Structure formats: structure tokens, C-alpha cells
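Everything below concerns the one structure shown next.
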Amino acid sequence: MFNLRFTPEMFFMLPTALFIDFCGLGLVMFGLDDLGLLDIAGVLIFFPWLILKGKSTPSLSGRKSGENIKKLFKGKSTKLITPLVGEISPWIGGLGFFWTLSVLCNLGDQ
């Protein structure tokens, strides 16, 4: 599903995304809230990178189900909205690794 190569983007963006998502998971496990600080950090770090990536993918016709998820994180109109809505949602943002999925899906097209 993910066609990844080691690049400088992968070296910096993927560990950062994993760190933010694991921090969110840890907070949810202890029933704590960060008051949106992790979401703000994710937006400030990943949105400029996603905007600079700026590529869109073709339509969904003839793709596997895993490719549909990839389209949510890579589509021109949904690449910013999907991780933001997922991370802002209570409990779902802490349990779902939306920043990591966003980075993985957008690294694969290099």
C-alpha cells in the first residue's frame, strides 16, 4: 500500500508524526486532554509541508480499498481536511494516527 524510500522528508516528517500521534494516544490512555496543543503543533508542522507537496491523485476508478484510504489523505481537496477533522474529534484523534497516515500517504508518491 505504501511505496516508501528513505528520503530526508521521511527522516524528519515520519518520526515527528509518530511522536505527536503517540503523545495523543498516551494522553487518551490516561484520560487527559492537551486542549488542542498537539493539534495546533500538527497543523503548524504538517500543513505547510502538505501544501508544498501540492500533488493530487487521479480518480478512484479501478483502485483497491487501500487506495481509497490513500485518496483521502492525498486528494487535492481532502489532504488537509482529513487529518484535521480526525485529530480534532474527541477520542478519535487520540486513538487514530491521522498525522502518521497523512505523512505515509504523501511520502509514497516520490
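Coordinate-derived values only; no laboratory data. The shown structure was predicted, so the numbers you read here are calculated from the model rather than taken from an experiment. Ideal geometry is used to build each Cβ from the backbone, glycine not excepted, and the neighbour counts take in all protein chains shown.
When +1 charges are put on Lys and Arg Cβ atoms and -1 charges on Asp and Glu Cβ atoms, the dipole computed for the range 8-107 relative to its Cα centre reaches about 720 debye.
Here the Karplus curve 6.51 cos²θ - 1.76 cosθ + 1.60, taken at θ = phi - 60°, turns the phi angles of the range 34-46 into couplings of 9, 6, x, 5, 5, 5, 5, 4, x, 5, 5, 8, 8 Hz, with x standing for Gly and Pro. Ordered by the number of other Cβ atoms lying within 10 Å of each residue's own Cβ, fewest first, 99, 91 fall into the sequence 91, 99. Once the Cα-Cα distance is subtracted from the 0.36 nm per residue extended length, the residue 34 to residue 7 segment shows a gain of 6.6 nm.
The ellipsoid equivalent to the alpha-carbon distribution of the range 8-107 has semi-axes of 24, 15, 12 angstrom, derived from the gyration tensor eigenvalues as √(5λ) and listed largest first.
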